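**Q** I have a structure here, written as structure tokens, and I will follow up with some questions on it.
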Amino acid sequence: MDAGELTRLVAAAVESGVCDRSILERMVNVTRVEAGEVSPDSLLHTYRRRLKRTNPGSGLEAATEALISFLEENRERAVVMASVVLESGGGEIFILNAEETQILHWMRMFSR
């Protein structure tokens, strides 16, 4: 997946309410995109463990709970995780459908 295509997908995800509008400004400086298929069950295992170590009431707890809820609803679905590195050194992580045509979830806890 190239940066231009991912930027178009992010714009569509903003319009559908999956991502905050503020992310569009950061996506103009994409230096690298890496994407690969991941198992929702594997991610569920990891993030359920991490949830136990988050501070109650924190933004990280809320973002992790939202991710877990998404993964539980999509357990049987093939998904792709896309990691974006920005020129500023920051990054974003998204979960896309298997065809890489739609962003299904923005992992906002990794937004930097």
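**Q** Can you give the direction-averaged projected area of the convex hull of the alpha-carbon atoms in segment 10-82, in nm²? Walk me through the numbers before you get to the answer.
**A** Numbers: hull surface 23.9 nm².
Here the figure is 6.0 nm², rounded to one decimal.
**Q** Oh, and also: Expected output is a single nm value to one decimal: the length gained when fully extending between Glu99 and Leu24, i.e. 0.36 nm times separation in residues minus the C-alpha distance. What is it?
**A** On the way: separation 75, 0.36 × 75 = 27.00 nm, distance 2.21 nm.
Net length gain for the segment: 24.8 nm.
**Q** Still on this structure, please answer the following. Applying 1/(1 + (r/R0)^6) with R0 = 25 Å to the Cβ-Cβ distance of Arg32 and Ala12, what FRET efficiency is obtained, to the nearest 0.05? Kindly include the intermediate steps, with their values, before the conclusion.
**A** Values: r = 21 Å, r/R0 = 0.84.
The calculated FRET efficiency here is 0.75.
**Q** Further, regarding this structure: Among the trypsin sites (Lys or Arg not before Pro) within segment 19-85, which fall in a DSSP loop and have no more than 16 other Cβ atoms within 10 Å of their own Cβ?
**A** Values: sites: Arg21, Arg26, Arg32, Arg48, Arg49, Arg50, Lys52, Arg53, Arg75, Arg77; in loops: Arg21, Arg53, Arg75, Arg77.
Those that pass, being in a loop and sparsely packed, are Arg21, Arg53, Arg75, Arg77.
**Q** Based on C-alpha coordinates, I'd like the Rg and Dmax of segment 47-112, in Å.
**A** When restricted to Cα atoms, segment 47-112 yields Rg and Dmax of 12.8, 36 Å.
**Q** Hey, if we sort Thr54, Thr31 by accessible area with the 1.4 Å probe, largest down, what's the order? Walk me through the numbers on the way to the answer.
**A** Working: Thr54 20, Thr31 85 Å².
Descending accessible area places them as Thr31, Thr54.
**Q** Could you list which residues have their amide H under 5 Å from that of Gln102, counting only those 5 or more apart in sequence or on another chain, with H placed in the peptide plane?
**A** Asn97
**Q** Specify the longest stretch of the chain that does not include any exposed loop site, a site being one of the GluC sites (Glu not before Pro) with a non-H, G, I, E, B DSSP assignment and at most 14 other Cβ atoms within 10 Å.
**A** Values: sites that count: Glu76, Glu87, Glu99.
So the longest stretch without any such site is 1-75.
The values are calculated or read from the model by the stated rules, or taken from the named source; none is laboratory data. Just so you know, these numbers come straight off a predicted model, no measurement behind them. No Cβ is skipped: glycine too gets one built from the backbone with ideal geometry, and neighbour counts run over all protein chains shown. Only protein heavy atoms, including side chains, enter the accessible area calculation; ligands, DNA and RNA are left aside. Shrake-Rupley method; radii C 1.70, N 1.55, O 1.52, S 1.80 Å.
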